[in-house]
Structure formats: structure tokens, C-alpha cells
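Participant: Have a look at this one.
The values are calculated or read from the model by the stated rules, or taken from the named source; none is laboratory data. Source: prediction; values computed, not measured. Cβ placement follows ideal geometry from the backbone for every residue including glycine, while neighbour counts extend to all protein chains displayed. Side chains are part of the model used for accessible areas, which takes the heavy atoms of the whole protein and leaves out ligands, DNA and RNA. Shrake-Rupley method; radii C 1.70, N 1.55, O 1.52, S 1.80 Å.
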Amino acid sequence: NALEVSAEKRMTGNFSFLGGYRWAKCLDIGGSTSTFAFNEFTDANNIGLDRGLCNSDVASQFKMSAVWKTPTIAGLGFVGRHVIGGWTLSGIWVNRDGFPFSVLASTDVNLDGTYYDRASLTGTPSLSSNRSQAAKLAQWFNTAAFQDPQNGSNGTAPRNFLRGPGYANLDFSLAKSFGLPWGPLRDSQKIDVRAEFFNALNHPNFCNPNNAVGSGDQFGRIDCASDPRILQFTLKYSF
């Protein structure tokens, strides 16, 4: 189920963009991958226990891409024509909610031979959103609200009912072709200059927290993130 809204401006006046917003919910039963490697259901006789958000569900997402070609400024002479003008700037901005996750028990508590059982919910899992980032990374959710179920029983925590950190990223590039009007290949030769910035704002995008009750001090902690800012420069000669 989804609402999708998009807007597009085709290339006019050296500028174009394409943007879209999606508000959606994806539901399924059991795992979101097809495999026969293990039993994906908590209880094969009651698959409704595993109805919940898809592993890939993103509730809210905004994306926008834009391209701008800088105009030449004839009044500035050589600088306006060849240094300032003619560059192509492009970027892609993505901002979305985090992915859902379940809280897992530490052992095969329902004794069915698999180790993907969920924990039992005994309290309120949410914590204040006004905490510092360091506090959120140390404990993303209230770990005291979960415990292992009794042996031979299923956990009461719903599947994929908690959500991890959101994601925000800007990739940006700057490119230009310079003609080389010398020599026998002056009609076809050129140098392409390009600079690319991945995660240009160096925004930290954290992964989901540790979700296993039996992981000790690591339970509820976030200790990994996506790549930081990466810069890449290229120079190409064509003839």
C-alpha cells in the first residue's frame, strides 16, 4: 500500500530535476526472502504470528535528482567562457525512514530446532527521542522491556515492530569537457574533468541495533554505520 507523488522539470534554462515522495507500508507473513534453509515461521501451525512489516519496508521516503549546467559569461572573457561556464553539476538526495527489525530470543525457546524465535515483550520498548545521539547509539530501544520466553513457548514481541535509524545522503558530481585546439586531432580531442562526492555532507547513517536478548552489553547498541564521505577525481583524454 502506498501513496506516491512525483515532480519533474525537463532540461530548460540549463536546469532539470526529478523528485518524488513515497509514503507506504509493506506487509507479509514470515521472512521476506524465499529460502528452504530454515523454517521461517515461529509456529508452522499458526503463521499469523509472523505477520508484520516486510524486512524492506520504508514508511516514508523522499528522493530528488538535479542537473545544472553553468552558463558561459561572455562579459568575463576567457574566464567566463572557459573557467566558470560549461560545468555540469548534478546531485542525488535521498532521505528515508529506517528499516524495521524484530527483537530475538537468545535460544531456541519454542524447541522447534531453529534459532530465530522472538523475545517476549514485558514493558514499553520506546525511549525518549530527546536524548543525545551518543545515548541513542548506546541504547536505541528500552532493552529492559524484553526477556526470553519460557522454554516451549513463543515470544510475545511482534515481528518487525521496531524501526532502526533513518538514512540521509547526498551524492554530488562536477564535470566539464575541455577542447584541445592544437595538433592534428584538434577537431576531436578533449579532456574530461570530473569530481564526485559520495555522502558529500559526511552525514552518519547508522545501521540497525543489536537485536538479540542474549548479546549482553551489546543488546540494543548500534556499533556500525555506512561509508563516510568519499571523494573521487578523474581525468580522461579522448581523441
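Participant: Given (1) of a type outside the set (S, T, N, Q); (2) without any contact (Cβ under 8 Å) to a residue 60 or more places away in the chain; (3) closer than 23 Å to ASP148 by Cβ; (4) surrounded by fewer than 17 Cβ atoms within 10 Å (Cβ to Cβ), identify the lone condition not met by ILE84.
Facilitator: Every condition holds for ILE84 apart from (3).
Participant: Related question: Criterion first (surrounded by fewer than 18 Cβ atoms within 10 Å (Cβ to Cβ), more than 30 Å from HIS82 (Cβ to Cβ) and free of Cβ contacts under 8 Å to residues at least 60 places away in the same chain) does GLY152 satisfy it?
Facilitator: For GLY152, the condition - surrounded by fewer than 18 Cβ atoms within 10 Å (Cβ to Cβ), more than 30 Å from HIS82 (Cβ to Cβ) and free of Cβ contacts under 8 Å to residues at least 60 places away in the same chain - is met.
Participant: Might you check whether a residue that is farther than 30 Å from LEU231 by Cα and at pLDDT below 90 occurs anywhere in the stretch 87-107?
Facilitator: Scanning the stretch 87-107, I find at least one residue that is farther than 30 Å from LEU231 by Cα and at pLDDT below 90, so the answer is yes.
Participant: Only one of (1) open to solvent by less than 60 Å² (accessible area, probe 1.4 Å); (2) out of contact with any Gly (no Cβ under 6 Å at 6 or more places or on another chain); (3) under 28 Å from PRO71 (Cβ atoms) is not met by LYS176, so which one is it?
Facilitator: The single condition LYS176 does not satisfy is (2).
Participant: Whether any residue in the stretch 199-218 is surrounded by fewer than 17 Cβ atoms within 10 Å (Cβ to Cβ), farther than 27 Å from LEU104 by Cα and touching a strand residue (DSSP E or B) at 6+ places or on another chain (Cβ under 9 Å) is what I want to check.
Facilitator: Yes; the residues of the stretch 199-218 include at least one that is surrounded by fewer than 17 Cβ atoms within 10 Å (Cβ to Cβ), farther than 27 Å from LEU104 by Cα and touching a strand residue (DSSP E or B) at 6+ places or on another chain (Cβ under 9 Å).
Participant: Consider THR143 carefully, then state whether it is touching a residue at least 12 places away in the same chain (Cβ under 8 Å), closer than 28 Å to GLY123 by Cα and open to solvent by 70 Å² or more (accessible area, probe 1.4 Å).
Facilitator: No.
Participant: I need the strands (runs of 3 or more DSSP E) fully contained in the stretch 1-59, keeping only those with at least 3 residues that are modelled with pLDDT of 90 or more and charged (D, E, K, R).
Facilitator: Hits in the stretch 1-59: 2-12.
Participant: Which numbered condition in (1) in contact with a Lys or Arg (Cβ under 7 Å, 6 or more places away or on another chain); (2) within 30 Å of GLY216 (Cβ to Cβ) is the only one that ASP112 fails?
Facilitator: Condition (1) is where ASP112 drops out.
Participant: Which members of the stretch 104-136 meet the condition of being open to solvent by less than 30 Å² (accessible area, probe 1.4 Å) and more than 27 Å from the chain's Cα centre (by Cα)?
Facilitator: Selection gives ASP108, VAL109, ASN110, THR114, SER120.
Participant: While we're here: In this structure, does ALA66 turn out to be at pLDDT 80 or above, hydrophobic (A, V, I, L, M, F, W, C) and farther than 19 Å from ASN205 by Cβ?
Facilitator: So ALA66 fits the description; yes.
Participant: Could you check, for the stretch 139-148, whether at least one of its residues is touching a strand residue (DSSP E or B) at 6+ places or on another chain (Cβ under 8 Å), not small (Gly, Ala, Ser) and not in a loop (DSSP other than H, G, I, E, B)?
Facilitator: Yes, the conditions are met somewhere in the stretch 139-148.
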